[in-house]
1. What angle do you read, to the nearest 10 degrees and between 0 and 90, between the alpha-carbon axis of helix 59-82 and the longest principal axis of the chain?
2. From zero outward in steps of 10 Å, how is the percent of C-alpha pairs of the chain spread across the bins?
3. Can you tell me the relative contact order of the chain? Whole percent, Cα pairs under 8 Å, sequence separation 6 or more.
4. Let me have the 222 nm mean residue ellipticity of the chain computed from DSSP H runs of 4+ only, each contributing -39500 (n - 2.57), with the sum over all residues rounded to the nearest 500.
């Protein structure tokens, strides 16, 4: 697509946000089920949205942290295919983490632990920077010309 010819489409933006959010939570659920699900008797939404579960004083809390960070790496990969421009990576990452913050506030109250802020801030930075790096790397890939016939 040519970037100058693109018309502003709010439905596309909303669809991209919803897809990115869903893929992020699916990936987080996948990692939580393997890391935390083996330690607890019942895996609930507490591990997704309650700030109290993110702590370094318990092994389960460390596993929750270990689930959140790879989900950010996966989110950067998802943005590579969902969002086409590097300029939009910061916007979509910020939107994802702001929505996550609102859901956490509704579910368990205002996150009052520094660990929650550090883990989610690190996840936001990883998703944004890695997403931009992957997009730039893809943008500057060489176009293969070996499949075209030479005119000689």
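1. Taking Cα atoms only, the helix is inclined about 20 degrees.
2. With 10 Å bins starting at 0, P(r) equals 10, 35, 29, 14, 7, 3, 1, 0.
3. Once divided by the residue count of the chain, the mean separation gives 27 percent.
4. On the way: 5 runs with 100 residues, N = 152.
Computed ellipticity for the chain at 222 nm equals -22500 deg cm²/dmol.
Readers should treat all values here as calculations from the given coordinates under stated rules, not as data from a laboratory. Because the structure is predicted, anything quoted here is derived from the model rather than measured.
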